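**Student:** Pasting a structure here, questions to come.
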Amino acid sequence: MNLEKWYQKGIGPDQYIESMQQHKENLLHVYDHFILPEDNEFFEKLRNKNLRAIVLTEDWCGDAMMNVPILFHLAQKADIDIRLLARDENLELMDNYLTNGKSRSIPIFIFMDENGNEVAKWGPRAPEIQQFIEESMANLPDKDATDYKEKRKELFTFVTKSFRDNTDFWKQTYQSIATSLKQLI
């Protein structure tokens, strides 16, 4: 699939951040505090690939709040131009990147070459983060329980705080993205 039309439709990182209605402060917190590992050889090899990226996201998404600013740092270091698209306004593209063939989970990072061809994909989570989510969800009461909604809301508050503050999660996310991209070089 040629992704050029989707790339052209997207907005840049600054415009995306300015348009955010939810999680803007948390995304900026991660962006301001994440330190990209020193890996100049890797960044140089990526730079030589002349990659671009499409990010399928929504500003209400906690995963995106953590993952997108990490990608922003990587993209700046490797000269990867990023365009962001709202998932819910671009379901035709999203439905090509379903998680487990059924879920419209985000964010999805689609890396493409100069001709608009997909060369790598990442998302929505690093494996360690997926395990954390699965373990956390397993502790919720049954959906029929009277306190299910309350406990689910508490869980999401806890997860959001963890995504915002747990720097190990940030490092695991970076490593997962980098691993996907290292297959290109």
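The values are calculated or read from the model by the stated rules, or taken from the named source; none is laboratory data. Just so you know, these numbers come straight off a predicted model, no measurement behind them. Every residue, glycine among them, receives a Cβ derived from its backbone with ideal geometry; neighbour counts consider all protein chains shown.
**Student:** Can you spot a residue in region 141-148 that is without any contact (Cβ under 8 Å) to a residue 60 or more places away in the chain and either basic (Lys, Arg) or touching a strand residue (DSSP E or B) at 6+ places or on another chain (Cβ under 8 Å) (or both)?
**Tutor:** Checking region 141-148: at least one residue is without any contact (Cβ under 8 Å) to a residue 60 or more places away in the chain and either basic (Lys, Arg) or touching a strand residue (DSSP E or B) at 6+ places or on another chain (Cβ under 8 Å) (or both).
**Student:** How many residues does region 16-41 contain that are out of contact with any Leu (no Cβ under 8 Å at 6 or more places or on another chain) and outside any loop (DSSP other than H, G, I, E, B)?
**Tutor:** 14
**Student:** Next question. Here are Val68, Val55: which of them is in contact with a Leu (Cβ under 6 Å, 6 or more places away or on another chain) and either free of Cβ contacts under 8 Å to residues at least 24 places away in the same chain or crowded, with 19+ Cβ neighbours inside 10 Å (or both)?
**Tutor:** Val55
**Student:** Looking for something touching a Lys or Arg at 6+ places or on another chain (Cβ under 6 Å) and either surrounded by 17 or more Cβ atoms within 10 Å (Cβ to Cβ) or at pLDDT 95 or above (or both) - is there at least one such residue anywhere in region 130-137?
**Tutor:** There is no residue in region 130-137 that is touching a Lys or Arg at 6+ places or on another chain (Cβ under 6 Å) and either surrounded by 17 or more Cβ atoms within 10 Å (Cβ to Cβ) or at pLDDT 95 or above (or both).
**Student:** If you take the residues of region 45-76 that are assigned to a helix (DSSP H, G or I), in contact with a helix residue (DSSP H, G or I) (Cβ under 8 Å, 6 or more places away or on another chain) and charged (D, E, K, R), which of them is nearest to Thr179 (Cα to Cα)?
**Tutor:** Among them, the one singled out is Arg47.
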